[in-house]
Amino acid sequence: MDIWWTSDWHLNHYNIIRYTGRPFKTLEEMNSIIISRFNERVKEDDLCYFLGDFCFKSGTGRGEGEPNKAEVLRKELKCKNIVWVGGNHDSNNTLKTPIQNITIKFGGKRIFMVHNPEFCNINYEFNIVGHVHEKWQFKRYRKGFQFTDCCNVSVEQWNYYPIQWNEIFRAYSNWLKIEGTK
């Protein structure tokens with residue numbers, strides 16, 4: 001069993017293409033590529049931590065999103081073991097989850113996972129987050145004399161693929177060499 005991370009797919013959210021500069025021409029193309037890249041890597045018995053914002057359902061009548069599509073889209077994913085952490089756009093879709101954050105020990109690190117990096121936990125040496133899309137891949141958060149580093153697993157940061165720990169750790173090590181000591 002392999003372990004994966006991803007977030008911020010925003011399936012059925014047409015305007016996310018424009019908001020974040022996604023390289024897709026249509027909503028259907030975006031949905032199809034993100035789902036196929038997930039299924040290309042993540043197998044049925046793997047474990048995936050999905051850190052929020054799976055799809056978008058319009059509750060405002062603005063014409064974005066489609067009602068009740070989350071379950072239909074979920075069924076297209078091969079992986080049966082997905083741990084859903086709530087994101088700010090997940091309250092309107094049918095994949096509701098009571099999980100707002102998760103703590104694990106993995107790769108020799110105590111890791112805190114939450115959708116929005118504003119809620120990262122300074123008491124953990126490493127946080128895995130989403131929400132900020134194309135803004136940054138790694139960022140150091142400080143509070144007083146303490147700090148924690150955050151990894152953004154939004155799909156924009158990882159070429160629209162889910163990622164494994166070795167990919168995170170390799171990119172994080174490179175980031176530390178360049179930015180982490182500042």
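The values are calculated or read from the model by the stated rules, or taken from the named source; none is laboratory data. A quick note: this is a predicted structure, and the numbers were derived from the prediction, not measured. Methodologically, a virtual Cβ is constructed for each residue, glycine included, from the backbone with ideal geometry; neighbour enumeration extends over all protein chains shown.
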Is it the case that segment 55-67 has a residue that's modelled with pLDDT of 90 or more and either part of a loop (DSSP other than H, G, I, E, B) or out of contact with any strand residue (DSSP E or B) (no Cβ under 8 Å at 6 or more places or on another chain) (or both)?
no
Of everything in segment 1-31 that's in a loop (DSSP other than H, G, I, E, B) and among the basic types (Lys, Arg), which residue is surrounded by the most Cβ atoms within 10 Å (Cβ to Cβ)?
Arg22
On the given criteria, is Glu156 touching a Ser or Thr at 6+ places or on another chain (Cβ under 6 Å) and not in a loop (DSSP other than H, G, I, E, B)?
yes
At pLDDT below 95, on the phi < 0 side of the Ramachandran plot and outside any loop (DSSP other than H, G, I, E, B): is that true of Asn39 in this structure?
no
Given the options Glu156, Glu179, Glu167, name the one that is among the acidic types (Asp, Glu), at negative phi and under 13 Å from the mean Cα position of the chain (by Cα).
Glu156
Consider segment 141-157. How many of its residues are out of contact with any Lys or Arg (no Cβ under 8 Å at 6 or more places or on another chain) and surrounded by fewer than 19 Cβ atoms within 10 Å (Cβ to Cβ)?
6
Verdict on Asn121 being under 16 Å from Trp4 (Cα atoms) and either out of contact with any Cys (no Cβ under 7 Å at 6 or more places or on another chain) or surrounded by 15 or more Cβ atoms within 10 Å (Cβ to Cβ) (or both)
no
Could you check how many residues of segment 8-57 are touching a residue at least 40 places away in the same chain (Cβ under 8 Å), touching a helix residue (DSSP H, G or I) at 6+ places or on another chain (Cβ under 9 Å) and more than 14 Å from Asn159 (Cβ to Cβ)?
15
Residues (modelled with pLDDT of 95 or more and within 15 Å of the chain's Cα centre (by Cα)) located in segment 86-110:
Asn101, Ile102
Test result for Glu134, touching a helix residue (DSSP H, G or I) at 6+ places or on another chain (Cβ under 9 Å) and in a helix (DSSP H, G or I):
no
Say whether the condition of being modelled with pLDDT of 95 or more and either more than 21 Å from Asn31 (Cα to Cα) or among the charged types (D, E, K, R) (or both) is met by at least one residue in segment 68-75.
no
